[in-house]
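The block underneath contains the structure these notes are about, expressed in structure tokens.
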Amino acid sequence: QVQLVESGGGLMQPGGSLRLSCAASGRHLSIYAMGWYRQAPGKQRELVAGITVGGSTNYADSVKGRFTISRDNAKNTLYLQMNSLKPEDTAVYYCKASYRGIYDTWGQGTQVTVSS
């Protein structure tokens, strides 16, 4: 089974950028549909962006035009480029690997805080 480790979170001012990484081990990411989710305090976890095995992407309306999900199969890593950050983007961000709708694997999460 794949193991996932997120990194790249931190404190950023509004309008800034961050790039999150999700490094995989144990299995190759190319066989998984992948997604970035986030959970803010007191709120449910929500989908931010997803990418299929074939490379098709989808985004939450709140991040369209600002965030970009991508995968580098050679590096076995998933990315989330986040631009024009807003305070409401503050959350713990998680990556998820989904294998053919059979099972999901989550990373441990990385904190993103957007504040001046």
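The values are calculated or read from the model by the stated rules, or taken from the named source; none is laboratory data. Since we're looking at a predicted model, the values are computed, not measured. Neighbour counts are summed over all protein chains in view; Cβ atoms, including those assigned to glycine, are modelled from backbone coordinates with ideal geometry. Areas reflect the complete protein model, heavy atoms only, side chains present, ligands, DNA and RNA absent. Shrake-Rupley method; radii C 1.70, N 1.55, O 1.52, S 1.80 Å.
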Fill in the blank from the handout: Taking the range 99-116 and keeping only residues that are surrounded by 11 or more Cβ atoms within 10 Å (Cβ to Cβ) and either of a type in the set (A, V, I, L, M) or under 14 Å from residue 29 (Cα atoms) (or both), one is left with 99, 104, 105, 106, 107, 112, 114
Completion exercise
For the range 72-95, the count of residues that are closer than 28 Å to residue 13 by Cβ, open to solvent by 20 Å² or more (accessible area, probe 1.4 Å) and modelled with pLDDT of 95 or more equals 10
Practice task
Count, please, the residues in the range 60-97 that happen to be closer than 19 Å to residue 30 by Cβ and either over 13 Å from the mean Cα position of the chain (by Cα) or of a type in the set (A, V, I, L, M, F, W, C) (or both).
Solution key: 10
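Mind checking whether some residue in the range 99-107 is part of a loop (DSSP other than H, G, I, E, B), at pLDDT 95 or above and of a type outside the set (S, T, N, Q)? Don't jump to the end; show me each part of the working.
Residues of the range 99-107 part of a loop (DSSP other than H, G, I, E, B): 100-102, 107.
Now narrow it down to the ones that are at pLDDT 95 or above: 107.
Then keep just the ones that are of a type outside the set (S, T, N, Q); that gives 107.
Checked the range 99-107: at least one residue is part of a loop (DSSP other than H, G, I, E, B), at pLDDT 95 or above and of a type outside the set (S, T, N, Q).
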Handout entry: In the range 32-56, residue nearest to the chain's Cα centre (by Cα) [restricted to those that are free of Cβ contacts under 8 Å to residues at least 24 places away in the same chain and surrounded by 15 or more Cβ atoms within 10 Å (Cβ to Cβ)]
Key = 50
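Report, by residue number, each residue of the range 18-29 that is polar (S, T, N, Q) and open to solvent by less than 40 Å² (accessible area, probe 1.4 Å). I'd like the intermediate steps shown before the answer.
Our first condition is that a residue be polar (S, T, N, Q); within the range 18-29, this holds for 21, 25.
Within the range 18-29, 21 is the sole residue that qualifies.
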